[in-house]
1. I need the P(r) histogram for region 262-319: all alpha carbon pairs, bin width 5 Å from 0 out to the longest distance, whole percents.
2. In debye to the nearest 20, how big a dipole does region 1-148 give about its Cα centre with +1 on each Lys and Arg Cβ and -1 on each Asp and Glu Cβ?
3. Wrap a convex hull around the Cα atoms of the chain, take a quarter of its surface area, and give that in square nanometres.
4. Let me spell out the model: positive unit charges on the Cβ of Lys and Arg, negative unit charges on the Cβ of Asp and Glu, origin at the Cα centre of the chain. What dipole size does that give, in debye rounded to 20?
5. Would you be so kind as to identify which of I344, G38, V207 lies farthest towards the positive end of the dipole of the chain, taking Lys and Arg as +1 and Asp and Glu as -1 on Cβ and the Cα centre as origin?
6. When only C-alpha pairs under 8 Å and at least 6 residues apart count, what is the relative contact order of region 172-250, in percent?
7. Once the other residues with Cβ under 13 Å from the Cβ of V257 are scored (Lys, Arg +1; Asp, Glu -1), what is the net sum?
8. Taking the DSSP beta bridges in region 124-214 as the whole, what percent of them are antiparallel, to the nearest 5?
Amino acid sequence: MGDQGQLHVSGELAAVLEQIDALGGVLDERADAAEESGRLPEDTARALFATGIVRAELPLSLGGYEFAPRQLIEAAERVSYHDAAAGWTAIALQMMTGTTAAYLGGEATAELFPDVSNGKHALLSGHGTRPGRAVPVEGGYRVSGQWQFASGMAHATHVHSAILVEGTDELRVLTMPKSQVSLDGNWDVLGLRATHSIDYHCTDAYVPHEYTYVATTDTPRNGGALYRLGLVNMSAIGHTGWTLGVGRRLLDEMKRVAAARTGSRGAAVDTSQFHAEYAAAEAGLRAARAWANEVWRDIELTLDRGELPGTEQDTLIRLVLNHTTSTVSGVGRTVHRWAGSAAIRRGPIDRFLRDLGTGAQHITSSPVVLQNCGRWLSGARPDARWSFLDLV
């Protein structure tokens, strides 16, 4: 059992960020080729993982860095600034690998995470909603199901999937070798093309009980207070960082376009309207980042006290992600309006805009989540509590 009291603040953040930035030029240069193949090149992916981006969310007790939430946000922001698809791939593998390491125990952990500090550990991809069917059998379950959006599956060794246990309707999460599922290879989309977020399925696959855990758990078997946040709140960390990184890159790219065009005949970027709208977008992004920092600082203080976040804090975690996504989508609209041909020709602005449009469709930023946040904050559902993305 991990030390669930004090939140760990890792001293490795600066080194990880430095390695990410050193790789940033390669991520940027290979982004178009990655889109064409629908996944990160294998050597690029290995170099990305070598920065420590996945180890950042692995438990300290297993050899990971176990970054605090705001550290994880900053790391996700930095990767996503260089390439949105690489950032999305990283946060997906990071979150599913880190939580699996925290919530499984015993022989499963020993097999999957034998030497984290030397890079010898499983990488997990998969999906946690629309659960498959699990029939209890001796020692485990027979599992069948169809799952979607397995971001980073090309680089995974194992699969993370939600299952509903027949007879009890208990929701659990499983880990199984990737070889036990069939990959559908159907990721044909406008944005985030290089994330390999394919569908997958299996029929009557055996999964030992010790390779599963209760999906709603907030009690880690390994690691500290970070993992008491649970799956949905852990997911919100990565998505918040991803969105902030994409917004920052879009504004910086727009600034470069403006510098190249200023002084030319009829340049739209020389108008007062452009200057005002750029300033408003800059203010919006900075305000969203500041509020995310404020919300997560409060969560960190709560975890440090050995407490779990309350319903209002759970609400603000969801709301700050929703707000950040909405704000950065607005930044994207501003950049699209003023970038002219740079927004429609192949290049960073075109790619980041398409990636943003796809990433903003993630279920954690859906209008229904925003409505549920409003129900709690307005007092319409004072006795409700969050169960994943629903108020119950």
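1. With a bin width of 5 Å, the distribution comes to 4, 17, 15, 13, 10, 8, 8, 7, 7, 5, 4, 2, 0.
2. Details: 10 positive and 20 negative charges, 123 e Å.
Its charge dipole is roughly 580 debye.
3. Values: hull surface 77.1 nm².
For the Cα atoms of the chain, the hull's average projected area reads 19.3 nm².
4. 1120 debye
5. I344
6. 27 percent
7. +2
8. Of all bridge pairs located within region 124-214, approximately 80 percent are antiparallel.
Bear in mind these aren't lab numbers, they're just calculated from the coordinates by the rules spelled out. Everything quoted here is computed from the prediction, not taken from an experiment. Neighbour counts run over all protein chains shown; Cβ positions are idealised from the backbone, glycine included.
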